[in-house]
Amino acid sequence: MRVFLASIFVLLIPIIWAQVPHWGPCPEPEVQPAFILKQFMGRWFEIAKLPAQFEKGRCIETNFTLTTDNSIRVVSSEILKGEVRKIVGTGVIEDPKNPAKLGITYSYVLPYSPYWILSTDYVNFALVYSCTDVLRLFHVDFAWILGRTRSLPDATVEKARETFATNNIDVTRMIPSRQQGCDKTL
């Protein structure tokens, strides 16, 4: 059993190292009160993020489309090595009492990953957080600042970082996303 767990850990190290690991279980940040899913739908551009192994390109954006009352079509795209790459997923409201806590998956065989809307004004910005516990020994964070346009004012980005920090989310490794030279047909 120890050999099995050690093997799993060794295989996870490259994936985890590209992310932002922290000791202990995931924090439980407050999410957007009175979240309105329909207003969140549409096109969002990635302004800044914690490094993520699955996002290597530039011009990253996601389009959310409501398919039923609580099911969402999620299309994420990026430009990588000069090519537009898209991936289609499904999102759901995991708890009807707390609609800002979404779950998203890009595979039929993988479980839904948390996709929590911490704050949004629906027309300019959104702050999104995801966290995965690994045996409750440590967790891997994902955090994004999204905008309805490819850039946001510096003051908005700084306020977003403060919101994450207030919720015990370490964004010291957050990096700006590359949204320059993007083809408008993405």
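The values are calculated or read from the model by the stated rules, or taken from the named source; none is laboratory data. The structure displayed is predicted, hence computed values, not measured ones. Note: accessible area is taken over every heavy atom of the protein model, side chains too, but ligands, DNA and RNA are not part of it. Shrake-Rupley method; radii C 1.70, N 1.55, O 1.52, S 1.80 Å.
Computed over the alpha carbons of the chain, Rg followed by Dmax gives 16.5, 52 Å. Subtracting the Cα-Cα distance of residue 53 and residue 66 from 0.36 nm times their residue separation leaves 2.0 nm of extension gain.
Multiplying the residue separation of residue 39 and residue 133 by 0.36 nm and removing their Cα-Cα distance gives an extension gain of 30.9 nm. For the chain, find the longest principal axis of its Cα atoms and tell me its angle to the long axis of helix 154-166, 0 to 90°, nearest 10. For helix 154-166, the angle is close to 40 degrees. Here residue 159 is the anchor, and the lysines within straight C-alpha reach of less than 21 Å, apart from those fewer than 8 places off in the same chain, are 49. Taking all Cα-Cα distances within the range 27-114, those exceeding 16 Å account for 59%.
Counted residue by residue at 0.36 nm each, then reduced by the alpha carbon distance between them, the extension gain from residue 124 to residue 180 reaches 18.3 nm. In this structure residue 136 has an accessible area near 150 Å², from a 1.4 Å probe over the protein heavy atoms.
Dividing the mean sequence gap of close Cα pairs (under 8 Å, 6+ apart) by how many residues the range 104-155 holds gives a relative contact order of 27 percent.
Going by alpha carbons, how many degrees (0 to 90, nearest 10) lie between the helix axis of 2-18 and the longest principal axis of the chain? Helix 2-18 and the main axis of the chain meet at about 30 degrees. Where the accessible area of the range 68-186 is counted over protein heavy atoms with a 1.4 Å probe, how much of it, in %, is carbon and sulfur? Carbon-and-sulfur percentage of accessible area, whole number: 55. Each Cα pair under 8 Å and six or more residues apart adds its separation to the average, and for the range 27-176 the resulting relative contact order is 25 percent.
To make sure I understand the rule: partners must be lysines, Cα under 18 Å from the Cα of residue 97, and not fewer than 8 residues away in the same chain. Which ones qualify? Residue 97 reaches 38.
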